[in-house]
1. Against the condition more than 16 Å from ligand 3 (Cβ to nearest atom) and β-branched (Val, Ile, Thr), how does ILE65 come out, does it pass?
2. Which residues, taken from the stretch 52-72, are within 14 Å of ligand 1 (Cβ to nearest atom) and under 24 Å from LYS14 (Cα atoms)?
3. Out of the residues in the stretch 7-20 that are within 11 Å of ligand 3 (Cβ to nearest atom) and in contact with a helix residue (DSSP H, G or I) (Cβ under 7 Å, 6 or more places away or on another chain), which is most open to solvent (accessible area, probe 1.4 Å)?
4. What single numbered condition from (1) in contact with a helix residue (DSSP H, G or I) (Cβ under 6 Å, 6 or more places away or on another chain); (2) more than 26 Å from VAL146 (Cβ to Cβ); (3) open to solvent by less than 80 Å² (accessible area, probe 1.4 Å) fails to hold for GLY46?
5. Confirm whether GLU106 is within 13 Å of ligand 1 (Cβ to nearest atom) and at pLDDT below 95.
6. Which pairs do you get when a residue that is without any contact (Cβ under 8 Å) to a residue 12 or more places away in the chain and at positive phi, found in the stretch 1-20, comes within reach of a residue that is near ligand 1 (Cβ under 6 Å from one of its atoms) and assigned to a helix (DSSP H, G or I), reach meaning Cβ atoms under 9 angstrom, with the pair 6+ apart or on two chains?
7. Restricting attention to the stretch 42-95, and to residues there that are charged (D, E, K, R) and within 15 Å of ligand 2 (Cβ to nearest atom), which single residue is farthest from GLY4 (Cα to Cα)?
8. Filter the stretch 5-28 down to the residues that are within 16 Å of ligand 2 (Cβ to nearest atom) and either over 27 Å from MET41 (Cα atoms) or in contact with a His (Cβ under 9 Å, 6 or more places away or on another chain) (or both) and list them by number.
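The values are calculated or read from the model by the stated rules, or taken from the named source; none is laboratory data. In this text the structure is predicted, and so the values were computed from the model without any measurement. When we count neighbours, we look across all protein chains shown, and the Cβ atoms used for this are built from the backbone with ideal geometry, even at glycine. These area figures cover heavy atoms from the full protein model, side chains too; ligands, DNA and RNA do not enter into them. Shrake-Rupley method; radii C 1.70, N 1.55, O 1.52, S 1.80 Å.
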Amino acid sequence: MGAGKSTVGKLLAKKLDRRFLDADHVIEERCGVKIPIIFEMEGEAGFRKREAQVINELTNEQDLILATGGGAVLFPENRRLLSERGTVIYLHANPTELWHRTKGSEGRPLLKNGDPKKILENLYTIRDPLYREIADYVIETGKPSVNQLVHILITQLELSA
Ligand SMILES: Nc1ncnc2c1ncn2[C@@H]1O[C@H](COP(=O)(O)OP(=O)(O)OP(=O)(O)O)[C@@H](O)[C@H]1O
Ligand SMILES: O=C(O)C1=C[C@@H](O)[C@@H](O)[C@H](O)C1
Ligand SMILES: [Mg+2]
């Protein structure tokens, strides 16, 4: 959460002239409300069901750059679909960086119930191995700017094309 999937994904798609979708935004559009409201009304479980449906649909699309929500890797079926149907890029950041990047943001309900830094550390411990399990590329995002990351990604993707 907060590693830069939405920001870097959108810019990467622009540079590569590809279609870009953000799973969180697709869910919000379909529901007509923002993610915190979905969490309030349906809980995390309800949100995850919607997320799994969107991942299933969008991983069928060709030539799409998809930014997932931060927790999409939690479901084994999501991991299977992302891994089998796509090229998976894990934008890695350590919990302190994630904390800086998510500080003050309103749209992340999981950070509301306690100390955000501790929550991010716990999420990181659970999720880092799951991202690594399916990643075709692990990209370190601590130092590079968003624009530099786009350049790094294009170079990596070209090298392995
Ligand atoms: N490499 C970077 N260096 C500095 N700031 C960054 C970097 N990447 C992203 N950011 C900033 O961090 C914040 C979070 O980024 P973003 O919303 O793209 O994360 P995300 O991975 O999509 O999060 P989520 O999992 O919640 O959807 C944004 O303000 C963005 O500008
Ligand atoms: O890391 C997470 O579990 C989440 C990240 C966001 O992208 C949203 O999908 C939602 O706030 C949950
Ligand atoms: Mg995002």
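1. On the way: more than 16 Å from ligand 3 (Cβ to nearest atom): no; β-branched (Val, Ile, Thr): yes.
It is false that ILE65 is more than 16 Å from ligand 3 (Cβ to nearest atom) and β-branched (Val, Ile, Thr).
2. Our first condition is that a residue be within 14 Å of ligand 1 (Cβ to nearest atom); within the stretch 52-72, this holds for 54-55, 65-72.
Passing the criteria: VAL54, ILE55, ILE65, LEU66, ALA67, THR68, GLY69, GLY70, ALA72.
3. Filtering the stretch 7-20 for residues within 11 Å of ligand 3 (Cβ to nearest atom) gives 7-10.
Imposing the further condition that a residue be in contact with a helix residue (DSSP H, G or I) (Cβ under 7 Å, 6 or more places away or on another chain) reduces the set to 7-8.
Details: THR7: 79, VAL8: 5 Å².
Top of the filtered list is THR7.
4. Every condition holds for GLY46 apart from (1).
5. So GLU106 fits the description; yes.
6. Matching pairs, first to second residue: none at all.
7. Applying the first criterion (charged (D, E, K, R)) to the stretch 42-95 yields 42, 44, 48-51, 57, 61, 63, 77, 79-80, 84-85.
Of the ones still in play, those that are also within 15 Å of ligand 2 (Cβ to nearest atom) are 42, 44, 48-51, 79.
Values: GLU42: 26, GLU44: 21, ARG48: 20, LYS49: 23, ARG50: 22, GLU51: 18, ARG79: 19 Å.
This residue is GLU42.
8. Taking the stretch 5-28 first, the residues within 16 Å of ligand 2 (Cβ to nearest atom) are 5-10, 20-28.
SER6, THR7, VAL8, GLY9, LYS10, PHE20 - these are the residues of the stretch 5-28 that are within 16 Å of ligand 2 (Cβ to nearest atom) and either over 27 Å from MET41 (Cα atoms) or in contact with a His (Cβ under 9 Å, 6 or more places away or on another chain) (or both).
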